[in-house]
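Below is one structure, written out as structure tokens, with a few remarks after it.
Derivation of every value follows stated rules applied to the coordinates shown; laboratory data play no part. Since we're looking at a predicted model, the values are computed, not measured. Virtual Cβ from ideal backbone geometry, glycine too; neighbours counted across all protein chains shown.
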Amino acid sequence: MILKDIFRVLSAKIRLEDSFRNEPYGAYNIQEKDWDKEVKRILFCVTATHQVIEHFHKEKYDLLIQHHPFVVSGIPLFIFHTALDCCADGHNDMWSEALGVKNAVHFDKNMGRVGEIDPISFEDLKAKCMGLIEGKEILGYTYTNGEPVKSVAICSGLGGIDWEAAEASGAECYVTGQLLYPDHGKFKHIIELGHTHTEFIGVRLIRKLLEGSDVQVDGASLDIDYYGEEVCEGRDRGSYEWGNDWGTAIEKFITICDAGWMGRGKTKEWGFHLFECDAEGFVSKKKPITTIYAPTKTEARILAEETADELGYEIIEPIDEEEEIVRV
Ligand SMILES: [Zn+2]
């Protein structure tokens, strides 16, 4: 199957209009000019870590579909990010279906899902979640005396940024990949699955959409595909820290985003992160990420551009390939 046809099939379902185009992280990118390139094997990953890229080259894949919007130079790449989270049958739909959420509705724009479930004990719900992520450890907290769970809000990935809307939905339990704070707010139960754990299931949709074609779709293994600390295993909620170990092929890079996304919750400020990779290409906790804030998006951008020039960082933002998308 040629690249153009693969994109056509995938983008009909994982649609540009489902992505958060106005957010810097809402990327929907295509990095490959050769639309007639023959593709036989696709590798899907959540985050293109150093090991994922190594695996891609070693196994001679033709196309990388990366969930997260990180630029990786020199390889054919599709990024769907928030479109894959939010489209029909995307991550959030898959999770709601798996957990038996009835009449699931969005709790914020086209993000997340919320609805009732058949009453289930917290322990059983937690076990159900673990079964869906190949038995990986997860974090779960319950703040009742054994009350069953009757409703669930679900948000794949960094659901901590959509905390307020999830809370306002009135759900008893929040199931998400990654939280920002130790607080449980109005929720009676919290299940934190690990960021990648909620998103690696995206490979199932890609595979399903290309079923019957001659294209093989593999998922990168969770041993090499990770984002941040995943589950903050053994970590005391009181000393919760927001950590990030984004794997990327770029050595020094900047991302511009609103402060809510950056972990400052309710403020309206903008800012950017400076990331610096270690010798192996990873942002390491040994080299802490610097975060700089500005009152507006424009000011954040000006500051980011100045900093990038001065210190030799590359600014990462969605590549605007809309023209290409239209052409296909
Ligand atoms: Zn994510």
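Brief remarks on what is shown
- Close amide-amide hydrogen proximity is noted between Arg41 and Asp62, Leu63, Gln216, each under 5 Å apart and 5 or more residues distant or on a separate chain (H modeled in the peptide plane; Pro and chain starts excluded).
- Residue pairs, from the table Lys150/Lys188; Lys40/Lys60; Lys126/Lys150; Lys40/Lys136; Lys126/Lys188; Lys102/Lys128, whose Cα atoms sit over 19 Å apart: Lys40/Lys136
- Cα shape, the range 85-238, gyration tensor, a/c 1.5 rule: prolate
- The trypsin sites (Lys or Arg not before Pro) of the range 41-90 that DSSP puts in a loop, and whose beta carbon has at most 10 other beta carbons within 10 Å, are Lys60.
- Linear extension gain, Lys136 paired with Ser213, 0.36 nm per residue minus alpha-carbon span: 24.5 nm
- Extension gain from Asp118 to Glu299, taking 0.36 nm per residue of separation minus the Cα-Cα distance: 60.3 nm
- Estimated FRET transfer efficiency (His57, Lys109; beta-carbon r; R0 51 Å; 0.05): 0.85
- Loop-located GluC sites (Glu not before Pro) in the range 169-222 (DSSP state not H, G, I, E or B) with no more than 15 neighbouring Cβ atoms inside 10 Å: Glu211.
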